[in-house]
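Structure first, commentary second.
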Amino acid sequence: MKTITTLSMYLILILIVLISCSTNENNDSDSSNSANLDLHFAFKTPDWERKIDCSLLNLYPSFVNDTTSSVSAYSASTKEAFLLTYPKDSSEMVRPRTYKKYKIMEYGYNEEPFQLSQKLPLNESSLDDLSKKLISKAGFSTTEYNQVTEIKYIKSEPQFAVFKIKCTYEMNTFLPQATDVIIPVSGTYAFIIRTSKL
């Protein structure tokens, strides 16, 4: 009987150690999880605002030109879409001169690194009304810019260097049927992008 009790105590101790190790491993993996990087895309208009979770967004670069790649995404819940361009070469991502303001472009017309363009509904009640889509207007001023605030190297993949990019932006937008009516939009974003290893 004494042997069974001692054996039971050993089994309980082993179980406690295993649970403790498992908990620590989970905490470590959570700390490197992309959800903890506050990956998001946020916008604010005079009529509504949202912060879209981008922790599951897995973006791969698209070709723009010899020096520039792009990523784009669409939110099914808000019907918002964005396009961001950035340097194709990973070495260009970490230069100190990168931390500055860049031009806003009309949606889909990005040409150079760190330009942002966007389209989104006028308000929450017009999600499915194509005539009420706000489209970014090309411009660069104190109220029209995409500002890079952080670029952080995350990891290396066989073909890509992986970075987290974080920016703030302000832009003017227009409605397709009323191009003279200008509506300001501002926000922040942070998500994971990939660059070529040249």
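If the chain linking Tyr99 and Asp128 were pulled fully straight, counting 0.36 nm for each residue of separation and taking away their Cα-Cα distance, it would gain 6.8 nm. Taking every protein chain into account, the 1.4 Å probe leaves Cys54 with about 10 Å² of accessible area, to the nearest ten. Here, the range 72-198 has an Rg and a Dmax of 15.5, 48 Å when only alpha carbons are counted.
Ranking Tyr102, Tyr169, Tyr60 by solvent-accessible area of protein heavy atoms (1.4 Å probe, all protein chains present), from largest to smallest, gives Tyr60, Tyr102, Tyr169.
The string of couplings for the range 109-126 from the Karplus curve (6.51, -1.76, 1.60, θ = phi - 60°) is 10, 4, 10, 10, x, 6, 8, 10, 9, 7, 9, 7, x, 4, 7, 5, 7, 10 Hz, one whole number per residue in order, with x for Gly and Pro. For the peptides 104-110, 129-135, the ranking by mean Cβ contacts within 10 Å, running from highest to lowest, is 104-110, 129-135.
Taking all protein chains into account, the per residue accessible area for the range 69-195 stands at 46 Å² (1.4 Å probe). Evaluating 6.51 cos²θ - 1.76 cosθ + 1.60 at θ = phi - 60° for every residue in the range 162-170, the Karplus couplings come out as 10, 10, 9, 10, 10, 9, 10, 8, 9 Hz, glycine and proline recorded as x.
Computed from the C-beta positions of Ala138 and Ser91, the FRET efficiency with R₀ = 25 Å rounds to 0.30. The alpha carbons of the range 38-133 stretch over 44, 27, 23 Å along the principal axes, in descending order.
The values are calculated or read from the model by the stated rules, or taken from the named source; none is laboratory data. In this text, all values refer to a predicted model and were calculated from it rather than measured experimentally. Don't worry about glycine lacking a Cβ; one is built from the backbone with ideal geometry, like all the others, and counts go over all protein chains shown. Surface areas here come from the heavy atoms of the whole protein model, side chains and all, with no ligands, DNA or RNA. Shrake-Rupley method; radii C 1.70, N 1.55, O 1.52, S 1.80 Å.
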